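Right, one structure below, let's go through it.
What follows draws every value from the coordinates through simple rules; no lab data is involved. The structure presented is a predicted model; accordingly, all values stated were derived computationally and were not measured. We place every Cβ from the backbone using ideal geometry, glycine too, and count neighbours over all the protein chains shown.
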Amino acid sequence: MKQNNNRSLIFLMIFAVLTVVLFNMPFGRYVLYPFIILGTWFHEMSHGLMAIAMGGSFHKLELFADGSGLAYHSGGLFLGPIGNAMVAAGGPLGPTTAGSLLLLASKNQKVSRISLYILGFFQVISSLIWIRSLFGVIIISIFGIITLFIAYKGSERIQTLTIQFLAIQAFTSLYLSIGYLFSSGGVVAGSSFSSDTGVIAQNLLLPHWFWAVSILLLSLLMIYSSLKSVLKKD
């Protein structure tokens, strides 16, 4: 298993380094632009799914060309203010959670393939049920079709590399959203909104930066734990 662990480490390092380098080059964001949108999809879907889990309704999701997005939900939530805070926290924790699960799935070839099928189907289904912006429907549907194709036709190695690459891109969205995470609010589609940590602060007291630090530390712990699990020697 040592050879497989070393190979996984090499590819994960390559994916991570290339991603960081590209994001710091003038054209890099254009190359990785689709994955910025994918990160936003993870973020907004996590808001919506958490709202459902807390007893609310998830109405729709909008993705915009600038990389921002909005999830619309309503209804009374379990635990009142705590439920509201959990829905707000679900967004920034979503991409890291998804990335960690994808990375853990890459440990086993069969699980990798099943995970790609699940991800692809869910992307297509979300485009049909929740996404209401044409831009978002097109981008996420394309992601879903490509993911399903790789799950169906890709070699075992390609499937593993794909799921690891997607995991690294999900982790990267944490880096890209740090500014928003530590802000009290922002502008999306021309309207002002409280940030996710701002909403948490409104419901649970304590300043938004406290919740930003907490989410950041929890995200880093998830990344570390998943990487450690994948790369440990058997």
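Here are some notes:
- Take the Cα of ILE125, step 7 Å toward its Cβ, do the same at LYS60, and the gap between the two points is 2.1 nm.
- The relative contact order of region 121-234 comes to 13 percent, based on Cα pairs under 8 Å that sit 6 or more residues apart.
- Phi-based couplings in Hz for region 88-101 (Karplus 6.51, -1.76, 1.60; Gly and Pro marked x): 5, 6, x, x, x, 7, x, x, 5, 4, 4, x, 5, 5
- Length gained when the stretch ILE10-LYS228 is fully extended (0.36 nm per residue, less Cα-Cα span): 77.1 nm
- Computed Kirkwood radius, in angstrom, where 1/r is averaged over Cα pairs of the chain: 18.3
- Overall form of region 175-234 per C-alpha gyration tensor (a/c, 1.5; a/b vs b/c): prolate
- 3J(HN,Hα) along region 140-150, derived from phi through the Karplus expression 6.51 cos²θ - 1.76 cosθ + 1.60 where θ = phi - 60°, amounts to 6, 5, 4, 4, x, 5, 5, 4, 5, 5, 5 Hz, with x in place of Gly and Pro.
- Set of aspartates and glutamates with alpha-carbon distance to LYS110 below 13 Å, sequence-local pairs under 8 removed: GLU156
- Cβ crowding within 10 Å averaged over residues, with 70-81, 52-63, 37-48 ranked highest first: 37-48, 52-63, 70-81
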